[in-house]
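Remarks on the structure that follows.
The values are calculated or read from the model by the stated rules, or taken from the named source; none is laboratory data. These figures come from a predicted structure and were not determined experimentally. Quick reminder, even Gly has a Cβ in these numbers, built from the backbone with ideal geometry, and neighbours come from all protein chains shown. Accessible surface areas use protein heavy atoms only, side chains included; no ligands, DNA or RNA. Shrake-Rupley method; radii C 1.70, N 1.55, O 1.52, S 1.80 Å.
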Amino acid sequence: MSESLGTLKRSHYLTEVGEAMAGQTVTVMGWVNKRRALGQIIFIALRDRTGLLQVKFNEQSEPELFKKAESVRGEYVLAIRGVVALRAEKDINPEMQTGKVEIEAQEIRILSDAEVPPFSVMDEGVANDLRLKHRYLDLRRPALQQSLFFRHKLAQEVRKFYTEEGFIEVETPILTKSTPEGARDYLVPSRVHPGEFYALPQSPQQFKQLLMISGFDRYFQIAKCFRDEDLRADRQPEFTQVDVEMSFVDVGDILAMAERLFTRIFKNLMNIDLPAPFERLTYKEAMERFGSDKPDTRFGMELVNISSIVESGGFAMFDAATAAGGSVRGICAAGGAGLPRKQIDALVELAKDNKAKGLAWISISEGGELKTSLSKFFSDDKLKEITGAFAAKPGDLILICADERTDTVLEALGALRLELSKKLELTKPNDYKLLFVTEFPLLEWNEEDQRFYAKHHPFTSPMDEDLDKLESDPGVCRAKAYDLVMNGFEMGGGSIRIHRKDVQERMFRALGFSNEQMARRFGYFIDAFKYGTPPHGGIAFGFDRIAMLLTHSESLRDVIAFPKVKDASCPMTNSPDVVEDAQLKELGIAVRQK
C-alpha cells in the first residue's frame, strides 16, 4: 500500500552520497533497481536519475524495516532515511559510482508500488517497438537519461553563446501560412475560417527574414519545426533546429560564427579542441572528390576520373558513357582485395541501387596479380595504366562506375565509398572532421514537373557573378548557400538571402511562378521588401542531429524524449487517431473512406 512522504525531504541525489559522508544521516528517494535477500540481510539497489546506491536492511537490528523491505519489488518508488556507512573492503563494487558506501536504513516508505514491467529497465536487448510503446519506462534507462541530460547542456551552451554574441531569442509563430515549395506541410484546419487552413512551420524562414527587415539585426531561436515526409533514422516529423539570422553580413561572417559555436560546444561539453578554421569545399569539388555534398573526410578513397584512359577501349559500358559526354570514375580501397566475393557482389548491387548501370572491379593480390573481368577488353599495359591512375598497391581493390550522366557516377561512388569505410573499419568514433560545403547549385530541374525547384529555398541569393544568368541559363546558377558537415552528416545549412524586391521576383519567375501565384503565396513577404531591407543571411543547425552524433546514438529517437516511429506515429499515445464526429462537423470536415 502506497504511503505519503510525510515530513521526509530528499537531502541528496543518490550519487551525491560518498565516503566523506560516512556516519551522516541522509534521506534519498528513487526506484528499486534490484532487491537481493541474503539470510537476515536485504540489499536494495536504489536508482534515480544520477545512478545507483545500495541500501542495507538488517533483520536483527530493524526487524520491522526488514519485513517491509521484503515486500518491495522492482520499480517500486521508495523514500529511505538512513546512515551512510563505508562498505567492507571485500564488498566494494568498483562498477558503481557509489560502490564504496551504502545506507543502513532507519526508515522506509513505499511511495508507490509497481506491477511487473513488460521489460527490465536495465536490459539493453529489448525490441524498439516495445520500448516505444512504454516510453516512460524506457526513459528510466540510464543511457537514455544521460543522452537527454546532454541535450539539455547542449541547449544551454547554444543560448549562452548566441547571447554573448549579441543575438536576441525571438519566438516565431507555430500556426502560419502554407507555402508548399519543398517537403509537405502539416495542415491545421481553422474553425473560425471554414475551409481554410494553417500550416505548421517547416522552418521559421520568412519570419526570421522579416525580423531582419524589422531591424533586430541578430536573431536566434531553438525552434520546433514540422515536415510531413518519410522518416529515416536521422529524421523525425517534428524536430528541433537552432535557427539563426544576421544582418549586414557575408558568407564568411556566418561561417566564422558557426565555427565559434561548434568549437565551444566541443570544448565545453566534450573537452575536445577542434582545429579551426574548418576546411571549405565547393559543392563541385566535394562531389568530384568524394561523390557527396556531405562528405566524410575522415578517410581518403577519393574519386579518380579515368575517362580519358578508357574511352574507345572496346568495353561497351565505358564507351557508351564517354561517347554521351558522361564519365568513367572509380575509387581505390586500400586493403580491399581481401573482401570475399560475396561482399564484392553486394557492392555491385549497391551501385545498381544508386542508379549505376553496373560496377567493374580490379582486385590486386598481395603478390601484385590482377583479377578483373576487364582483362577481356584491355591489354596488360592499359590495365597497368588504370591501376597507376589510382596509385593502387598490392592488396587494394578498385571499383569503377560509368554512366552517361556524371552525377549518377559520382553519387554511386559516394555510396560505395561510405559502405567500404564501414566494411574496412576506416573510421573511429571519437574522430571528428567538420567542414563547410559552399556554392551549391541555386536550382535543380525536376523531370516529372518539367520545371526548376530551389535547391535550398526560394529566398537564397544567387552568386553575384551568376545573377545575369537567372533568366537565360538558370540551371548553371550557383547559390550563396553553404552546409556544415561532420563525418558525413549535414549538421546545418543556410545562405545569404535575397534582399532586393526585383531579384526576389526574378527568382520566383525562374521557379515558374506567375505574378498571381507570387502575390497569393508570398505577397506579404515581397511587400515588406519595399520598406528598406538590409543585406542578411543565416543558418539553421539540426539540434536533434547534433545531440545524436555527439552522444554516439544510433537514432534521433535516442535523444528525443517522446519520438515518432517511421510512419510518423507514436506507439505510446496511439497517435494520430480518429476524432469525434462532432469535432469534424464543427470544423466543416468530412472524412472520405478510401
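Pull out all pairs, ordered by first then second residue, where Cβ-Cβ is under 6 Å, the residues are six or more apart or on different chains, the first lies in segment 240-258 and is more than 10 Å from residue 436 (Cβ to Cβ) and open to solvent by less than 10 Å² (accessible area, probe 1.4 Å), and the second is among the hydroxyl-bearing types (Ser, Thr, Tyr) and at pLDDT 95 or above.
Qualifying pairs under 6 Å: 245/219.
Filter segment 484-499 down to residues that are open to solvent by 50 Å² or more (accessible area, probe 1.4 Å) and either in contact with a Pro (Cβ under 9 Å, 6 or more places away or on another chain) or more than 28 Å from residue 255 (Cβ to Cβ) (or both), then give me how many there are.
Residues meeting the conditions: 1.
Among residues belonging to segment 1-49 that are of a type in the set (A, V, I, L, M, F, W, C) and without any contact (Cβ under 8 Å) to a residue 12 or more places away in the chain, point out the one that is nearest to residue 147 (Cα to Cα).
So, considering only residues that are of a type in the set (A, V, I, L, M, F, W, C) and without any contact (Cβ under 8 Å) to a residue 12 or more places away in the chain, the one nearest to residue 147 (Cα to Cα) is 20.
Would you pick out the residues in segment 314-332 that are open to solvent by 30 Å² or more (accessible area, probe 1.4 Å), in a loop (DSSP other than H, G, I, E, B) and of a type outside the set (A, V, I, L, M)?
314, 315, 325
Within segment 260-302, which residues are more than 17 Å from residue 539 (Cβ to Cβ), buried (at least 20 other Cβ atoms within 10 Å of the Cβ) and among the charged types (D, E, K, R)?
296
Please go through segment 333-344 and pick out each residue that is closer than 23 Å to residue 287 by Cα and either at pLDDT below 90 or crowded, with 18+ Cβ neighbours inside 10 Å (or both).
Across segment 333-344, the qualifying residues are 333, 336.
Looking only at residues in segment 303-313 that are open to solvent by 40 Å² or more (accessible area, probe 1.4 Å) and not in a strand (DSSP E or B), which one is farthest from residue 414 (Cα to Cα)?
312
Quick one: which residue in 161, 150, 167 is modelled with pLDDT of 95 or more, within 26 Å of residue 202 (Cα to Cα), among the aromatic types (Phe, Trp, Tyr) and touching a strand residue (DSSP E or B) at 6+ places or on another chain (Cβ under 8 Å)?
That would be 167, the only listed residue that is modelled with pLDDT of 95 or more, within 26 Å of residue 202 (Cα to Cα), among the aromatic types (Phe, Trp, Tyr) and touching a strand residue (DSSP E or B) at 6+ places or on another chain (Cβ under 8 Å).
Return only the number of the condition from (1) among the aliphatic types (A, V, I, L, M); (2) open to solvent by 50 Å² or more (accessible area, probe 1.4 Å); (3) under 22 Å from the mean Cα position of the chain (by Cα) that residue 144 does not satisfy.
If we test residue 144 against (1) among the aliphatic types (A, V, I, L, M); (2) open to solvent by 50 Å² or more (accessible area, probe 1.4 Å); (3) under 22 Å from the mean Cα position of the chain (by Cα), just (2) comes out false.
Are any residues in segment 376-430 open to solvent by 20 Å² or more (accessible area, probe 1.4 Å), among the basic types (Lys, Arg) and either modelled with pLDDT of 95 or more or more than 30 Å from residue 551 (Cβ to Cβ) (or both), and if so, which ones?
376, 382, 384, 393, 405
Under the condition of being touching a helix residue (DSSP H, G or I) at 6+ places or on another chain (Cβ under 8 Å) and modelled with pLDDT of 90 or more, which residue from segment 221-237 is nearest to residue 489 (Cα to Cα)?
236
On the given criteria, is residue 503 touching a Pro at 6+ places or on another chain (Cβ under 9 Å), surrounded by fewer than 20 Cβ atoms within 10 Å (Cβ to Cβ) and among the hydrophobic types (A, V, I, L, M, F, W, C)?
Judged against the criteria, residue 503 is a match.
Among the residues of segment 460-483, which ones are open to solvent by 10 Å² or more (accessible area, probe 1.4 Å) and part of a loop (DSSP other than H, G, I, E, B)?
461, 463, 471, 472, 473, 480
Which one of these does residue 208 not meet: (1) among the charged types (D, E, K, R); (2) within 20 Å of residue 495 (Cβ to Cβ); (3) open to solvent by 40 Å² or more (accessible area, probe 1.4 Å)?
The failed condition is (3).
If you take the residues in segment 268-277 that are under 20 Å from the mean Cα position of the chain (by Cα) and assigned to a helix (DSSP H, G or I), which one is nearest to residue 148 (Cα to Cα)?
Only one residue tops the list, namely 269.
Could you name every one of the helices (runs of 4 or more DSSP H) located completely within segment 490-556 that has at least 2 residues being within 21 Å of residue 240 (Cβ to Cβ) and not hydrophobic (A, V, I, L, M, F, W, C)?
Qualifying helices (runs of 4 or more DSSP H): 543-550.
When segment 511-559 is examined, which residues are found to be surrounded by fewer than 20 Cβ atoms within 10 Å (Cβ to Cβ) and among the aliphatic types (A, V, I, L, M)?
Within segment 511-559, 511, 518, 519, 526, 528, 549 qualify.
Would you pick out the residues in segment 131-154 that are outside any helix (DSSP H, G or I) and farther than 30 Å from residue 270 by Cβ?
Across segment 131-154, the qualifying residue is only 134.
Could you check segment 345-363 and list, in sequence order, the residues that are open to solvent by less than 60 Å² (accessible area, probe 1.4 Å) and farther than 20 Å from residue 411 by Cβ?
362, 363
State which residue pairs qualify: first residue farther than 20 Å from residue 291 by Cβ and inside segment 310-330, second residue hydroxyl-bearing (Ser, Thr, Tyr) in any location, beta carbons under 8 Å apart, and separation of 6 or more residues or different chains.
311/322; 312/322; 319/312
Would you be able to say whether some residue in segment 408-418 is more than 29 Å from the chain's Cα centre (by Cα) and not β-branched (Val, Ile, Thr)?
No: segment 408-418 contains no residue that is more than 29 Å from the chain's Cα centre (by Cα) and not β-branched (Val, Ile, Thr).
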